[in-house]
Amino acid sequence: MFHYFVGKIRHIGGETLLNNDMLGIQVHYLGKQDKGEFFLYPYIDDNKKTIFYYCFDTIEQKVLFVSLLKINGV
């Protein structure tokens with residue numbers, strides 16, 4: 001699983017991709033950067049047997065997201 005990635009954000013056909021010269025990852029991203037360092041949170045969906053990646057501009061955003069996931073009902 002990936003937690004840190006340096007690359008570019010691309011929007012193709014309604015999908016958001018984070019890629020560099022060697023790898024591309026489909027991500028959920030609402031930030032404003034188009035290239036640079038990104039912090040990823042892998043979410044494992046056991047029902048669909050897949051991994052979704054949430055992408056953040058800063059480590060602080062990722063830490064806040066992980067903290068919110070620990071609250072019941074969020």
Checking M1, M22 in turn, the sole residue that is part of a loop (DSSP other than H, G, I, E, B) and in contact (Cβ under 8 Å) with a residue 40 or more places away in the chain turns out to be M1
Looking across the range 18-41 at residues that are aliphatic (A, V, I, L, M) and closer than 13 Å to F56 by Cα, the single one that is modelled with the lowest pLDDT is L30
In the range 25-74, residues that are in contact (Cβ under 8 Å) with a residue 12 or more places away in the chain and either surrounded by 11 or more Cβ atoms within 10 Å (Cβ to Cβ) or not basic (K, R) (or both) total 29
>> Just to be sure before I move on: is V6 part of a strand (DSSP E or B) and of a type in the set (A, V, I, L, M) in the structure I sent?
In response: yes
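The values are calculated or read from the model by the stated rules, or taken from the named source; none is laboratory data. On a predicted model such as this, the values are computed, not experimentally measured, just so you know. Because the Cβ atoms are built from the backbone with ideal geometry, glycine has one as well, and the counts that use them run over all protein chains shown.
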